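First comes the structure, then the notes that go with it.
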Amino acid sequence: MSRIDIAVVDYGMGNLRSVSKALEHVAPTKTVLVTSNPDDIAQAERVVFPGQGAMPDCIRELDARGLRGAVITAAQTKPFLGICIGLQMLFEHSEEGDAAGLGLFKGGVKRFATEDMLDSHGAKLKVPHMGWNQVYQVPQSVTQVPQSGSNVHALWRDIEDGARFYYVHSYYVQPDDDAIVAGYSNYPARFTCAIAKDNLFAVQFHPEKSANAGLQLLSNFVNWSPK
C-alpha cells in the first residue's frame, strides 16, 4: 500500500472536496486521500474527520460503512482533527434526534435555545448560527503546550486570538471536563468551539471555509507532532 499522509474520513456526510482541497493547498507534498476504507484510516499518518448534516444520520452512515472502530482508534492514537459534526460526534449524546455519539468525551451536544437568542441590543439572533464569528483561544495545561512555549495549543500557532472563522450549526458541544476546552465563541452566550486532548483537536467551525486563519490551522495540523 502506498503511503497515506492524511486520510479524510468519507461516510457520505462531509464537505469532503473543500476539506481535501484545502489540505492539498497547505500540504502540497503530502498524500491526501478521501476514503471510506477502514484500512486506509488505520494506515494513515494523520486523520481528518469532517461532517455535515444531522447527528443521527451521521452516526448511522458511519456505522453502515463499518468506520466506527477505525475512527475511534485513530482519535486515540494519531494526530486527529474533527470538524463540525466531526466534533459533535465525539461526545456521548446529542439533543439532535436524541442520538448517541461515539462517547470519546463525556458531555453532550445542545441546541441553541431559541428564547435566549438575543444580542446585546435585544435583537433576535437566527438559528442556525451561520457566518463569521470570533474565536477566542483558551490557555492549555502544561501537557498541551506547544514547543514554542506559548500557553495556547499548537494548532493556534500564528493565528490571532479573536480571529474570525466560518460557522454553520444549530448545536454546540458542552463538555463535562473544562480542561479539554481549547477555544470558544459567543452567540450570544459563550459556547465551546474547540477541544483538545493529547493527539486530538476538534472544532465546530469550518477551517476549510475560513480564509487565511482556517488555512493556517490546517497547516498547523499537518505539521503538528503531539507529545
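The values are calculated or read from the model by the stated rules, or taken from the named source; none is laboratory data. Predicted model only: the values in this text are computed from it and were never measured. Ideal geometry is used to build each Cβ from the backbone, glycine not excepted, and the neighbour counts take in all protein chains shown. We work out accessible area using only protein heavy atoms, side chains counted, and drop any ligands, DNA or RNA first. Shrake-Rupley method; radii C 1.70, N 1.55, O 1.52, S 1.80 Å.
Of the residues making up the range 14-60, those that are more than 24 Å from residue 226 (Cα to Cα) and open to solvent by less than 40 Å² (accessible area, probe 1.4 Å) are 14, 15, 16, 54, 55, 58, 59. For the range 140-175, the tally of residues that are exposed (fewer than 12 other Cβ atoms within 10 Å of the Cβ) and at pLDDT below 95 stands at 6.
Selection within the range 99-123: residues that are part of a helix (DSSP H, G or I) and in contact (Cβ under 8 Å) with a residue 12 or more places away in the chain. The member of this set that is most open to solvent (accessible area, probe 1.4 Å) is 116.
Filtered by the rule that a residue be surrounded by 14 or more Cβ atoms within 10 Å (Cβ to Cβ) and outside any loop (DSSP other than H, G, I, E, B), the range 69-79 gives 70, 71, 72, 73, 74, 75. Listed conditions (1) open to solvent by 60 Å² or more (accessible area, probe 1.4 Å); (2) out of contact with any Lys or Arg (no Cβ under 7 Å at 6 or more places or on another chain); (3) more than 30 Å from residue 28 (Cβ to Cβ); (4) in contact (Cβ under 8 Å) with a residue 60 or more places away in the chain are all met by residue 126, apart from (4).
Kindly indicate whether residue 222 is open to solvent by less than 40 Å² (accessible area, probe 1.4 Å), touching a Cys at 6+ places or on another chain (Cβ under 9 Å), at pLDDT 95 or above and within 25 Å of residue 74 (Cα to Cα). No.
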